[in-house]
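Participant: One structure is given below, represented as structure tokens, and several questions about it will come after.
The values are calculated or read from the model by the stated rules, or taken from the named source; none is laboratory data. These numbers were taken from a predicted model, which means no experiment stands behind them. Cβ sites come from the backbone with ideal geometry, for glycine too, and all protein chains shown count toward neighbours. Quick note on the areas: whole protein, heavy atoms, side chains included, nothing else; ligands and nucleic acids left out. Shrake-Rupley method; radii C 1.70, N 1.55, O 1.52, S 1.80 Å.
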Amino acid sequence: QGQLVELGGGLVQPGGSLRLSCVASGSIFSITARAWYRQAPGAQREWVATITSGGSASYAASMKGRFTISRDNAWNTVYLQMKNLKVEDTAVYYCNFRTDTRDYWGQGTQVTVSS
């Protein structure tokens, strides 16, 4: 059974940068896409970015130009590089692996943007 673990969250000042990693362990086959979502307090989970197995990336409008998603297929890892962070980026960030049969989710990592 595959599992996802997010790493790299923390406290950062507005305008700062942070890099999140999501590492898959166990058996996850036929991955079609990897993605990041986030959930702020009192809000619904929202989509941040997706990268397909072919390498095509897409972003939510408010993250485009500030966030970059990438993946390392060999190590089954997906990254989210975040720059020019804003207070409103504060949230728990979750990674997601989509396969032919199901979605896998990590437990989330807290990102807090505050001065």
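Participant: I'd like to check something: does segment 74-92 contain any residue that is at pLDDT below 95 and open to solvent by 80 Å² or more (accessible area, probe 1.4 Å)?
Facilitator: yes
Participant: Quickly run through segment 32-60 and pick out the residues that are in contact (Cβ under 8 Å) with a residue 40 or more places away in the chain, open to solvent by less than 30 Å² (accessible area, probe 1.4 Å) and among the β-branched types (Val, Ile, Thr).
Facilitator: Across segment 32-60, the qualifying residue is only Val48.
Participant: Being of a type in the set (Val, Ile, Thr) and under 16 Å from Leu7 (Cα atoms), is that true of even one residue in segment 45-62?
Facilitator: Within segment 45-62 (the criterion being of a type in the set (Val, Ile, Thr) and under 16 Å from Leu7 (Cα atoms)), the answer is no, since none of the residues qualifies.
Participant: Next up: Could you please let me know if Arg45 is farther than 19 Å from Ser62 by Cβ and basic (Lys, Arg)? It would help to see each step written out before you state the result.
Facilitator: On the way: farther than 19 Å from Ser62 by Cβ: no; basic (Lys, Arg): yes.
No; evaluated as a whole, the condition is false for this residue.
Participant: Within segment 1-31, restricting attention to residues that are closer than 15 Å to Thr77 by Cβ and out of contact with any Phe, Trp or Tyr (no Cβ under 8 Å at 6 or more places or on another chain), which residue is least open to solvent (accessible area, probe 1.4 Å)?
Facilitator: To start, the set of residues in segment 1-31 that are closer than 15 Å to Thr77 by Cβ comprises 2-8, 19-26, 28, 31.
This time we only want the ones that are out of contact with any Phe, Trp or Tyr (no Cβ under 8 Å at 6 or more places or on another chain), so: 5, 7-8, 25-26.
On the way: Val5: 61, Leu7: 93, Gly8: 36, Ser25: 53, Gly26: 65 Å².
Ranking the candidates gives Gly8 first.
Participant: When you look at Val23, is it in contact with a helix residue (DSSP H, G or I) (Cβ under 8 Å, 6 or more places away or on another chain) and closer than 29 Å to Val87 by Cα, yes or no?
Facilitator: Values: in contact with a helix residue (DSSP H, G or I) (Cβ under 8 Å, 6 or more places away or on another chain): yes; closer than 29 Å to Val87 by Cα: yes.
The answer is yes for Val23.
Participant: Still on this structure, I have one more. Take segment 2-57 and flag every residue that is at positive phi and more than 16 Å from the chain's Cα centre (by Cα). Don't jump to the end; show me each part of the working.
Facilitator: Taking segment 2-57 first, the residues at positive phi are 8, 10, 15, 26, 30, 42, 55.
Of everything in segment 2-57, those that are at positive phi and more than 16 Å from the chain's Cα centre (by Cα) turn out to be Gly15, Gly26, Ser30, Gly42.
Participant: Going by the structure shown, is Thr68 under 21 Å from Arg102 (Cβ atoms) and of a type outside the set (Phe, Trp, Tyr)?
Facilitator: No: the conditions fail for Thr68.
Participant: Go through (1) among the basic types (Lys, Arg); (2) surrounded by 17 or more Cβ atoms within 10 Å (Cβ to Cβ); (3) out of contact with any strand residue (DSSP E or B) (no Cβ under 9 Å at 6 or more places or on another chain) and name the single condition Arg102 misses.
Facilitator: Looking at each condition in turn, Arg102 falls short on (2).
Participant: Within the group Asn96, Asn84, which residue is under 30 Å from Ser115 (Cβ atoms) and touching a residue at least 40 places away in the same chain (Cβ under 8 Å)?
Facilitator: On inspection, the qualifying residue turns out to be Asn84.
Participant: Out of segment 105-115, which residues are in contact with a Ser or Thr (Cβ under 6 Å, 6 or more places away or on another chain) and open to solvent by 20 Å² or more (accessible area, probe 1.4 Å)?
Facilitator: Here is the first cut: in segment 105-115, the ones in contact with a Ser or Thr (Cβ under 6 Å, 6 or more places away or on another chain) are 112-113.
The answer is Thr112, and nothing else.
Participant: Exactly one of these conditions fails for Leu80: (1) at positive phi; (2) under 15 Å from the mean Cα position of the chain (by Cα). Give me its number.
Facilitator: It fails just one condition, (1).
Participant: Is it the case, given these coordinates, that Ile69 is at pLDDT below 95 and surrounded by 13 or more Cβ atoms within 10 Å (Cβ to Cβ)?
Facilitator: Numbers: at pLDDT below 95: no; surrounded by 13 or more Cβ atoms within 10 Å (Cβ to Cβ): yes.
No; evaluated as a whole, the condition is false for this residue.
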